[in-house]
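Written below as structure tokens is the structure these notes are about.
Derivation of every value follows stated rules applied to the coordinates shown; laboratory data play no part. On a predicted model such as this, the values are computed, not experimentally measured, just so you know. Note: ideal-geometry Cβ built from the backbone for every residue, glycine included; neighbour counts use all protein chains shown.
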Amino acid sequence: MTQEEFMPSENQDLLKTQTPNSPKLPVPSDILLSLVALPMLGGLVVAKAAAEFVSSIGVESEEVFRGSRLPVLNFPQSQD
């Protein structure tokens, strides 16, 4: 057995990494990725803020139903 059988040539490696039908984009993919990253991060921040807002509304509604923020009602004394 020769060394050529065990080690692939450089041309074979190049053929494996190149795809024959790769789409040609007018804009490089790294620029597209950087343009998509900002809206994704903004969406995550907005989603977190919305979740905290809904949670705070839930806590406040529990306080109202518990009665800690309801006014004290003065009932008139019955005359016997």
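Ordered by residue, what ³J(HN,Hα) values in Hz, to whole numbers, does the stretch 32-38 give under the Karplus form 6.51 cos²θ - 1.76 cosθ + 1.60, where θ = phi - 60° and Gly and Pro are x?
4, 5, 5, 6, 7, 5, 5
How much length is gained if the chain between L38 and F65 is pulled fully straight, taking 0.36 nm per residue apart and subtracting their Cα-Cα distance, in nm to one decimal? Could the numbers behind the result be given before it?
Numbers: separation 27, 0.36 × 27 = 9.72 nm, distance 4.09 nm.
Taking L38 through F65 to full extension adds about 5.6 nm, to one decimal.
Could you check the spin-label model distance between Q77 and L25? Points 7 Å from the Cα along Cα→Cβ, value in nm.
8.3 nm
How much net charge surrounds S55 when only other residues with a Cβ under 12 Å from its Cβ are counted (Lys, Arg +1; Asp, Glu -1)?
Combined, the nearby Lys, Arg, Asp and Glu give -2.
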